[in-house]
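Student: Got a structure for you, written out below as structure tokens; questions coming shortly.
The values are calculated or read from the model by the stated rules, or taken from the named source; none is laboratory data. What you are looking at is a predicted structure, and each value in this text was computed from that prediction instead of being measured. Here the Cβ positions follow ideal geometry from the backbone for every residue, glycine too, while neighbour counts run over all protein chains shown. Accessible surface areas use protein heavy atoms only, side chains included; no ligands, DNA or RNA. Shrake-Rupley method; radii C 1.70, N 1.55, O 1.52, S 1.80 Å.
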Amino acid sequence: MRTRACSQVDAAQCMAGRLRACLQFGELKPPSACQEKPDSFGDGSSLVGNKGELVQGVELWFGKKAMKLVRGVMNDVSWNRAAWKWHIQDPASQRLTWNKSPKSVLVIKKIRDASLLQPFKALCVYLMEENNMIVYVEKKVLEDPAIVNDEHFGAVKKKFCTFREDYDDISNQIDFIICLGGDGTLLYASSLFQGSVPPVMAFHLGSLGFLTPFNFENFQSQVTQVIEGNAAIVLRSRLKVKVVKELREKKGPVLQNGIDENGVLAPGLDKDSPKHMVNYQVLNEVVIDRGPSSYLSNVDVYLDGHLITTVQGDGVIVSTPTGSTAYAAAAGASMIHPNVPAIMITPICPHSLSFRPIVVPAGVELKIMLSPEARNTAWVSFDGRKRQEICHGDSISITTSCYPLPSICFRDPVSDWFESLAECLHWNVRKKQNHFTGEEEEF
């Protein structure tokens, strides 16, 4: 009997004994969907896909189209009388193919950047006129005066399909995404899809560009390769975040931390208070900090219901492997390849000499709350957006999302990552040590 794990997220979940699941139809199915398969399936490398057929890889559905992520074997954990055998997947084996040719594309352009107008126009003309594709853009992009006043672009502009963030749901209309900008543009694209995310092709037209491996000079050939399905891909895990807040009624003077002038919790903070719940999908990190207060933040961190530590300092970062090269790296954490199934917990300026960043398995559930002894509230943000205050009685639950972001690679997941480390962060840059001369070797 053999058990197959089908994604970078699943590997840790299977090993931790938490969840066996197949990445199918854009989400992780419950354990019943991924049972042990007998060896009668041949060598065991095939997986049961949609409609019960055997497919080499995993099916992810994005609206009307389907993308098959052709993959190698992530895990092969087999048992015999001799020993356990564990085969690790080669990250370079993750490939993107289409069941049907893609017909619609979402183009996301960095707003208020005049240098991107010409690349944006050239890309849209190429997609519409050369590939006969339906192009979606945000309405505010077309409101740029430089585009409004461009008479030559008028005919193309009329063919756009537009949408507004937080108003229009286009999740079932998009086959893949093209980002023009920096890393923030990719993070914004992730925030638009709270469920399954179409494959994302990111062009480096911003400042840093750690997550944007494509250069725009040869965009025609590169886009054509993606449309034809000739591309490597990496699944970037995201965090599923649930924020639960007490609905408070202001009765009398209440301090900012939810404690009244007599030092007791203000009315409306009892356990039976109505609660307001909001969910987020996060690609980089969740940051909990002390906000404008001069006091230390004081938050309790629970893992699967058990209190593991209390953070006393400027705050704490909970990040994905993708986010390990962002704020977490600046706070002293290790940098983790996006194929590694993990969640990182990194303190921000902790008032403790022994508080080191830690890595926990993907799939665990973290819960963060203000400590009862906290003197002030905390603030939380999600990929640098949606910043809000956290008071006594509120909670932030974080776990690995069932909806990763498929990021299209320029070469392959490993080469692209090390290229970004070298080019963007100048990782391990040092002047070479001189070799010994013949005379020096004698000493």
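Student: Distance between Cα centroids, region 319-346 to region 380-426: provide it in whole Å.
Tutor: After rounding, the separation between the Cα centres reads 8 Å.
Student: If you don't mind, another one. Before anything else, pin down the relative contact order of region 95-229: Cα pairs under 8 Å, at least 6 apart, normalised by residue count, whole percent.
Tutor: 28 percent
Student: Next question. What is the spin-label model distance, in nm, from residue 307 to residue 115 if the labels are put 7 Å beyond Cα along the C-beta direction?
Tutor: 5.1 nm
Student: As an exercise, take the mean of 1/r over every pair of distinct alpha carbons in region 328-443, invert it, and state the Kirkwood radius in angstroms.
Tutor: 18.6 Å is the Kirkwood radius here.
Student: Follow-up. Per residue of region 284-291, in order, report the coupling 6.51 cos²θ - 1.76 cosθ + 1.60 (Karplus, θ = phi - 60°) as ³J(HN,Hα) in whole Hz, putting x for Gly and Pro.
Tutor: 3J(HN,Hα) across region 284-291, in whole Hz: 9, 7, 9, 10, 10, 9, 7, x.
Student: Quick one: if you stick a label point 7 Å off each Cα along the C-beta vector at residue 99 and residue 340, how many nm between them?
Tutor: 3.5 nm
Student: What list of ³J(HN,Hα) couplings, whole Hz, do you get for region 300-308 from phi and the Karplus terms 6.51, -1.76, 1.60, once you set θ to phi - 60° and write x for glycine and proline?
Tutor: 8, 10, 10, 10, 6, x, 9, 5, 9
Student: May I ask you to derive the FRET efficiency for residue 208 and residue 149 from their Cβ-Cβ distance with R0 = 45 Å, giving the value to the nearest 0.05?
Tutor: Here the calculated transfer efficiency is 0.90.
Student: May I pose another question? For the pair residue 216 and residue 388, how long in nm is the line joining their label points, each one 7 Å along Cα→Cβ?
Tutor: Placing both labels 7 Å beyond Cα along the Cβ direction yields 3.5 nm.
Student: On alpha carbon coordinates alone, what is the Rg over Rh value for region 150-206, Rh being the Kirkwood radius?
Tutor: Reported Rg/Rh, Kirkwood definition of Rh: 1.01.
Student: Could you tell me the largest-minus-smallest coordinate of the C-alpha atoms of region 106-148 on each of the three principal axes, in descending order and whole angstroms?
Tutor: Taking max minus min along each principal axis of the Cα atoms, region 106-148 gives 27, 18, 17 Å.
Student: If you don't mind, another one. Past 26 Å, Cα to Cα, is the threshold; run 103/157; 109/158; 109/275 against it and keep the listed order.
Tutor: With Cα atoms farther than 26 Å apart: 109/275.
Student: Right, next: Determine how large the accessible area of residue 185 is when every protein chain is in place; take a 1.4 Å probe and give Å² rounded to the nearest 10.
Tutor: Surface accessible to solvent at residue 185 totals approximately 10 Å².
Student: May I ask for the equivalent-ellipsoid semi-axes of region 95-229, computed as the square root of five times each C-alpha gyration tensor eigenvalue and listed largest first in whole Å?
Tutor: Values for region 95-229, descending: 20, 17, 17 Å.
Student: Now for a separate question. So if R0 is 45 Å, what FRET efficiency would residue 129 and residue 431 give, r being the distance between their Cβ atoms, rounded to the nearest 0.05?
Tutor: Efficiency, rounded to the nearest 0.05: 0.35.
Student: Using the Karplus curve 6.51 cos²θ - 1.76 cosθ + 1.60 with θ = phi - 60°, what ³J(HN,Hα) values do you get for each residue of region 327-344, in whole Hz, with x for Gly and Pro?
Tutor: In residue order, the calculated couplings are 4, 4, 5, 5, 8, x, 7, 6, 9, 10, 5, x, 7, 7, x, 7, 10, 9 Hz.
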